[in-house]
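Okay, so here's the structure we're looking at.
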Amino acid sequence: MAWWAHLYADSKALSSGVNFVHLAGILVAGGFAIVTDRASLLLSPESGTDILRELERGRGVHAWVLGGLAVVAASGVLQLFSDLHTYLTSVLFWAKMGLIALLLVNGWVRMRAERGLEAGGTADWKRFRLTSVVSLVLWFTVLLAGVFLTTIS
Ligand code: HEM
């Protein structure tokens, strides 16, 4: 992949374009996730809102978050190959990857909690709320790790 590293280093337009795609994916995936997490934290069994309708609306959001994350991952890999050695030997890079893995696991736990709520299980409320808080914290932590990653390249 030396040719890609050279191309990337020599073309400011290319590196800016890839960077833009990375940030656009974050905007879409993170934007949908944050709005949904906020709405989820405002929901409660006592709130009187139609929980099932809210969950149905939330279902459509998963595709946007996962689609956005796929774009982020693809553009992230292009950036990774622009300076493979630097990133692969960076603790910060692996910390960021670990946090992204946690974000995905959290999303999976959340979807299971949603299915539980749809089936009428009130025990899933705690997990549903907790995963909203964890999602908010992780999105901002990954963002922070991403911004600081630029200091090592
Ligand atoms: C598999 C997924 C990902 C990979 C492989 C990846 C990889 C990278 C790489 C290699 C850079 C380049 C840093 C530099 O310019 O020196 C970067 C930048 C960045 N990443 Fe990621 N990333 C991923 C996902 C994410 C996610 C999910 C977020 C946010 C929540 C994120 C936020 C950022 C930010 C803010 C930057 C700095 C952009 C800039 O201002 O230049 N990344 N990423």
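Read the figures in this text as sums done on the coordinates, not as results from a lab. These figures come from a predicted structure and were not determined experimentally. Because the Cβ atoms are built from the backbone with ideal geometry, glycine has one as well, and the counts that use them run over all protein chains shown.
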- Item | Percent RCO, i.e. relative contact order, over region 16-101, from Cα pairs under 8 Å lying at least 6 residues apart | 45
- Message: Around Thr36, under 15 Å between beta carbons, what's the net of Lys plus Arg minus Asp minus Glu among the other residues?
- Response: +2
- Cα-based shape type of region 38-83, given that a ≥ b ≥ c are square roots of the gyration tensor eigenvalues and the cut on a/c is 1.5: prolate
- Going by how many other beta carbons lie within 10 Å of each one, how would you line up Trp3, Trp94, Trp125, fewest first? Trp3, Trp94, Trp125
- Theoretical FRET efficiency, 1/(1+(r/R0)^6), r = Cβ-Cβ of Asp50 and Leu130, R0 22 Å, to 0.05: 0.45
- Message: Shape verdict for region 2-149, please, from the Cα gyration tensor: rounded (a/c under 1.5), prolate (a/b greater than b/c) or oblate.
- Response: prolate
- Kirkwood-based Rg/Rh on the Cα set of region 82-147 evaluates to 1.17
- Task: Averaging sequence separations of C-alpha pairs under 8 Å and six or more residues apart, then dividing by the length of the chain, give the relative contact order as a whole percent.
- Result: 31
- Message: Spelling out what I want: for every residue of region 37-46, take phi, set θ = phi - 60°, compute 6.51 cos²θ - 1.76 cosθ + 1.60 (Karplus), and round to whole Hz; glycine and proline get x.
- Response: 4, 4, 4, 5, 5, 7, 7, 7, x, 8
- Relative to the chain, whose Cα atoms define the longest principal axis, helix 51-80 and its Cα axis are tilted in degrees, nearest 10, by 10
- Which whole-Hz ³J(HN,Hα) couplings does region 84-96 yield from phi under the Karplus relation 6.51 cos²θ - 1.76 cosθ + 1.60, θ = phi - 60°, glycine and proline marked x? 3, 4, 4, 6, 5, 9, 9, 5, 4, 4, 6, 5, 5
- Query: Any idea what the dipole of the chain comes to, in debye rounded to 20, about its Cα centre with Lys/Arg Cβ at +1 and Asp/Glu Cβ at -1?
  - Reply: 160
- Folded to 0 to 90 degrees: helix 124-149 orientation relative to the chain principal axis, Cα: 20
- Full extension between Ser153 and Thr89 adds, at 0.36 nm per residue less the Cα distance, a length in nm of 21.9 nm
- Query: With the dipole of the chain worked out from charges on the C-beta (+1 for Lys and Arg, -1 for Asp and Glu) around the Cα centre, which of Pro45, Asn106, Ala145 lies farthest toward the positive end?
  - Reply: Pro45
